[in-house]
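The values are calculated or read from the model by the stated rules, or taken from the named source; none is laboratory data. It should be emphasised that the depicted structure is a prediction, and the values quoted were computed from it without experimental measurement. Ideal geometry is used to build each Cβ from the backbone, glycine not excepted, and the neighbour counts take in all protein chains shown.
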Amino acid sequence: MKNLMVTGGCGFIGSNFIRYVLTETGFDGRIINVDKLTYAGNPESLVDVAEKFPDRYVFEQVDICDAKGIGRVFDEYRVTAVAHFAAESHVDRSISGPGEFIQTNLIGTYTLLEAVRARLETVELFHHVSTDEVFGSLGATGAFTENTPYQPNSPYSASKAGSDHLVRAYHETFRLPTTMSNCSNNYGPYHFPEKLIPLVILNAQAGKLLPVYGDGMQVRDWLYVRDHAAAIWNVMQKGNRGDTYNVGGRCELPNLRVVEMICDLLDEMAGSISGHGSRRELITFVTDRPGHDRRYAIDCSKIQRELGWKPEETFQTGLRKTVRWYLDNEGWWGPLRTQRCAGERLGKV
């Protein structure tokens, strides 16, 4: 993997992955970050990386649906491996406008796979990053395994399910050297402020109301983003070609409890806000999201058993680090809140 293309590297997980690989793994090759720079792509997330590794980090603003542009990057940089993060990923936005999700997540993945298929002599790996949402919703017990049937319930998860199937089909039909990972909900630094945890942190710190969908008892398995980056690198280094690996944080919590924990941490770390004894008083329940999955849980025993990976952060330690990061980095999120995402609700039908 001397010349590693990372798609969507200016996004949340992609930027954390690039930072992890270049600073913590001993990787001595070059990373080519390919990003279209949609509303959620932010080059500011990697300014420090670009300055520290000027000869080993390259940025190319290219749409993954642009076959000609993607082909040029493959050939110009002699790409030998791909880590594919680029995706439209916000469920609420997929309800408001499904088309972009179909285009990027399906057509974009197809375009990349075709580029790899044309270069099988030089590309040694295509790793596809996916989500547990492709499996649908769980009942009160059980967990998703790598063999759980797909049952997506939103346009976002349906588009990711389709891209997963394409990756599997290209491995089986064309013998592309692929690996795939399906992860639970990520959180951590550089998370775009439309998502639950950064949205709640910023709104609670500003003394704004904290809308919670339905009864707030939707359960998610939370995964600290650095742990996820380490898991992906592990899969790329040691995973069996053609295999899928589930990646989870083993931190199941209902959304309401997550919001309450953020309120408590901010009360502790930033002090109380005027007119309220606790930020928990800002919580307000609103109409639930259409098709809102009730519970996700990941069984990540396969990646632990076969590759030796397990999450290092508990939700308590990871959330404290995350809240601290947002308190200390208004220079990163402030312009995003002003110019791209003011925290308004999306996904109404």
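Considering segment 273-349, the qualifying helices (runs of 4 or more DSSP H), each wholly inside and each with 2 or more residues that are at pLDDT below 95, run over 330-339. Checking 247, 225, 258, 235 one by one, the residue that is under 24 Å from the mean Cα position of the chain (by Cα), β-branched (Val, Ile, Thr), more than 24 Å from residue 21 (Cβ to Cβ) and modelled with pLDDT of 95 or more is 258 and no other. Residue 172 fulfils the conditions (1) outside any helix (DSSP H, G or I); (2) exposed (fewer than 15 other Cβ atoms within 10 Å of the Cβ); (3) not polar (S, T, N, Q) except for a single criterion, (1). Checking each residue in segment 237-264 for being under 30 Å from residue 169 (Cβ atoms) and crowded, with 21+ Cβ neighbours inside 10 Å picks out 239, 244, 245, 246, 247, 248, 249. Filtered by the rule that a residue be part of a loop (DSSP other than H, G, I, E, B) and under 28 Å from residue 121 (Cα atoms), segment 43-75 gives 55, 56, 61, 62, 63, 64, 65, 66.
The single condition among (1) part of a strand (DSSP E or B); (2) polar (S, T, N, Q); (3) over 19 Å from the mean Cα position of the chain (by Cα) that residue 23 does not meet is (1).
Every residue in segment 102-143 that is among the hydrophobic types (A, V, I, L, M, F, W, C) and not in a helix (DSSP H, G or I), please.
Result: 118, 120, 123, 125, 126, 129, 138, 140, 143.
Going by the conditions given, is residue 179 at pLDDT 95 or above and not in a strand (DSSP E or B)?
Numbers: at pLDDT 95 or above: yes; not in a strand (DSSP E or B): no.
No: the conditions fail for residue 179.
Cβ-Cβ contacts under 7 Å between residues 6 or more apart (or on different chains), taken from a first residue in segment 154-177 that is touching a residue at least 40 places away in the same chain (Cβ under 8 Å) and more than 23 Å from residue 97 (Cβ to Cβ) to a second residue that is assigned to a loop (DSSP other than H, G, I, E, B) and small (Gly, Ala, Ser), are listed as 171/242. Any idea how many residues of segment 76-101 are surrounded by fewer than 17 Cβ atoms within 10 Å (Cβ to Cβ), in a helix (DSSP H, G or I) and touching a residue at least 12 places away in the same chain (Cβ under 8 Å)? The total comes to 2.
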